[in-house]
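For reference, the structure discussed in these notes is given below.
The values are calculated or read from the model by the stated rules, or taken from the named source; none is laboratory data. Note that the structure is a prediction, hence the values are computed from the model and not measured. Neighbour counts are summed over all protein chains in view; Cβ atoms, including those assigned to glycine, are modelled from backbone coordinates with ideal geometry.
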Amino acid sequence: MSADPALYPLRLTVTAKSLVFGGHAIARRLGKTGIPDWSIAETWECSDVTGNIGVVTNGPLAGSSLRQVVADHPEALMGAGWTGEYFPVLTKFIDATGTLPVHLHADDETARRLEGERNGKTEAWHILDAAPGATALCGVRDGVTADRLRAALEAQDFDAVLRRLPVRAGETLYVPGGTPHSFGPDTLIYEIEQTSDVQQHAMRWHMEDGSPVSDAEFAANLDMLMQEVDLDTRPDFTPGLGIAVGDAVERVFLCAGPYFALERWRAGTAEPLRRSFATAQILTNVGLPVRVRTGGWNEELGPADTLLLPAACAEVEIAGPADVLFGHLPGLGGKALGW
């Protein structure tokens, strides 16, 4: 694929969400700057979700929406042979200082059939930090029927029907659409997912402000959730598969599936991290400031900041010490893989 001179690493606007379970960990523990100095639950780092579309802030394309860049440079941005109307991957930091509501996201078929959406939302969580003893709810316990699940959700007795998993920093959980889940408190994650904001909640409070959900709204929410739930998905955390790719350079495969893949790379100072690629890469820094080079482009990437690397860039070099995440389109079909 020939390079597109109009494309270069893109910095995008970040949407900060103030929800009741949030805190200050994204700024204080990750070192992210440029976000409001109040309780923040989520920062949407790379988003093409309608209503929260990132806008380019650097270079000649400054002021262009991510969706416009996709339309104008589909293959140079996404990769050879790619077609589509929007950027298909969404990434976030999530601060679960409190506990997230129990909820689920529809899978593709259900989202199209019941929600009128183009796709559902499969996601993965990479745990950046968690308090000792932290846990997550994910998936329905084996043998639980739909009727029993509905009754337990009505009673808010989540542990009676959902699996509670231990949470440890450095591990990753791939969560297929239709899987009920929650995590927190005292958990900080990086989330990668399909571009969607479709969700159904099983709580008696609104996550925006903690106000109560009326009985009628609660019943309607459970009706929809029960139509979208998958009783059979029971994902587990995995530590990833690490390989040495240089002198003190480690590549860890965290998860991969048909919608996205996620890797974590670390490098010391003996040699830089070097990565070649053929599809768009969402590069997120989860360590100290790093120097990023690709072609003639050379800039610093601050803590908890993100760059969208177009496929046309083809390769990137990052001077160590470095600790970064690469989210990307894997070009894979079939089942998700976890290591």
What number of residues within segment 18-56 are assigned to a loop (DSSP other than H, G, I, E, B) and closer than 17 Å to Ile282 by Cβ? 4
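Yes/no per residue for (1) outside the structural domain of Gly170 (by TED's automatic domain parsing); (2) touching a Ser or Thr at 6+ places or on another chain (Cβ under 8 Å); (3) surrounded by fewer than 16 Cβ atoms within 10 Å (Cβ to Cβ); (4) not in a loop (DSSP other than H, G, I, E, B):
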residue	(1), (2), (3), (4)
Gly210	no, no, yes, no
Ala216	no, no, yes, yes
Leu222	no, no, no, yes
Thr233	yes, yes, no, no
Asp236	yes, no, yes, no
Out of the residues in segment 162-186 meeting the condition of being among the aliphatic types (A, V, I, L, M) and in a loop (DSSP other than H, G, I, E, B), tell me which one is surrounded by the most Cβ atoms within 10 Å (Cβ to Cβ). Val167
Within the set of pairs 6 or more residues apart or between chains, which connect a residue that is on the phi > 0 side of the Ramachandran plot inside segment 288-305 to a residue that is aliphatic (A, V, I, L, M) and in a loop (DSSP other than H, G, I, E, B) with Cβ atoms less than 6 Å apart? Ala304/Leu30
Subset of segment 294-308, residues assigned to a strand (DSSP E or B) and of a type in the set (D, E, K, R), comes to Glu299, Glu300
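Per-residue answers, yes or no, for (1) over 22 Å from Tyr190 (Cα atoms); (2) in contact with a Leu (Cβ under 6 Å, 6 or more places away or on another chain); (3) assigned by TED's automatic domain parsing to the domain that holds Gly34; (4) not in a strand (DSSP E or B):
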| site | (1), (2), (3), (4) |
| --- | --- |
| Cys255 | no, yes, no, no |
| Val292 | no, yes, no, no |
| Gly320 | no, no, no, yes |
| Leu325 | no, no, no, no |
Looking at (1) at pLDDT 95 or above; (2) within 21 Å of Phe260 (Cβ to Cβ); (3) β-branched (Val, Ile, Thr), which is the only condition Val102 fails? (2)
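Restricting to segment 263-284, give me the number of residues that are closer than 21 Å to Leu7 by Cα and in a strand (DSSP E or B).
The initial filter retains those residues of segment 263-284 that are closer than 21 Å to Leu7 by Cα, namely 274-284.
Right, trim to in a strand (DSSP E or B) and you get 274-276, 281-284.
Final tally of qualifying residues: 7.
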Within segment 132-153, does at least one residue satisfy the condition of being farther than 22 Å from Asp95 by Cα, without any contact (Cβ under 8 Å) to a residue 24 or more places away in the chain, in contact with a Leu (Cβ under 9 Å, 6 or more places away or on another chain) and among the basic types (Lys, Arg)? yes
Regarding Asp159, is this residue part of a helix (DSSP H, G or I) and under 16 Å from Leu100 (Cα atoms)? yes
Hey, among Asp236, Asp230, Asp209, Asp215, which residue is without any contact (Cβ under 8 Å) to a residue 24 or more places away in the chain and at negative phi? Asp215
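Can you tell me which residue in segment 187-208 is surrounded by the most Cβ atoms within 10 Å (Cβ to Cβ), limited to those that are acidic (Asp, Glu) and assigned to a strand (DSSP E or B)? Step through it out loud before you land on a result.
Within segment 187-208, the first condition is being acidic (Asp, Glu), and the residues that meet it are 191, 193, 197, 208.
Keeping just the survivors that are assigned to a strand (DSSP E or B) gives 191, 193.
Working: Glu191: 19, Glu193: 22.
Restricting to residues being acidic (Asp, Glu) and assigned to a strand (DSSP E or B), the top hit is Glu193.
With the condition kept exactly as written, say whether any residue in segment 242-250 is assigned to a strand (DSSP E or B) and crowded, with 17+ Cβ neighbours inside 10 Å. Full working, then the answer.
Here is the first cut: in segment 242-250, the ones assigned to a strand (DSSP E or B) are 242-246, 249-250.
Of the ones still in play, those that are also crowded, with 17+ Cβ neighbours inside 10 Å are 249.
Yes, because at least one residue in segment 242-250 is assigned to a strand (DSSP E or B) and crowded, with 17+ Cβ neighbours inside 10 Å.
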Being of a type outside the set (Gly, Ala, Ser), under 22 Å from the mean Cα position of the chain (by Cα) and either within 28 Å of Gln199 (Cα to Cα) or modelled with pLDDT of 95 or more (or both) is the requirement here; does Pro88 meet it? yes
Among the strands (runs of 3 or more DSSP E) lying completely within segment 57-140, list those that include at least 1 residues that are crowded, with 19+ Cβ neighbours inside 10 Å and at positive phi. 135-140
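Kindly provide the set of residues from segment 200-258 that are of a type in the set (S, T, N, Q) and touching a strand residue (DSSP E or B) at 6+ places or on another chain (Cβ under 9 Å), ordered by number. Walk me through it before giving the result.
First, pick out the residues of segment 200-258 that are of a type in the set (S, T, N, Q): 200, 211, 214, 221, 227, 233, 238.
Listed by number, the residues that qualify are Gln200, Ser211, Asn221, Gln227, Thr233, Thr238.
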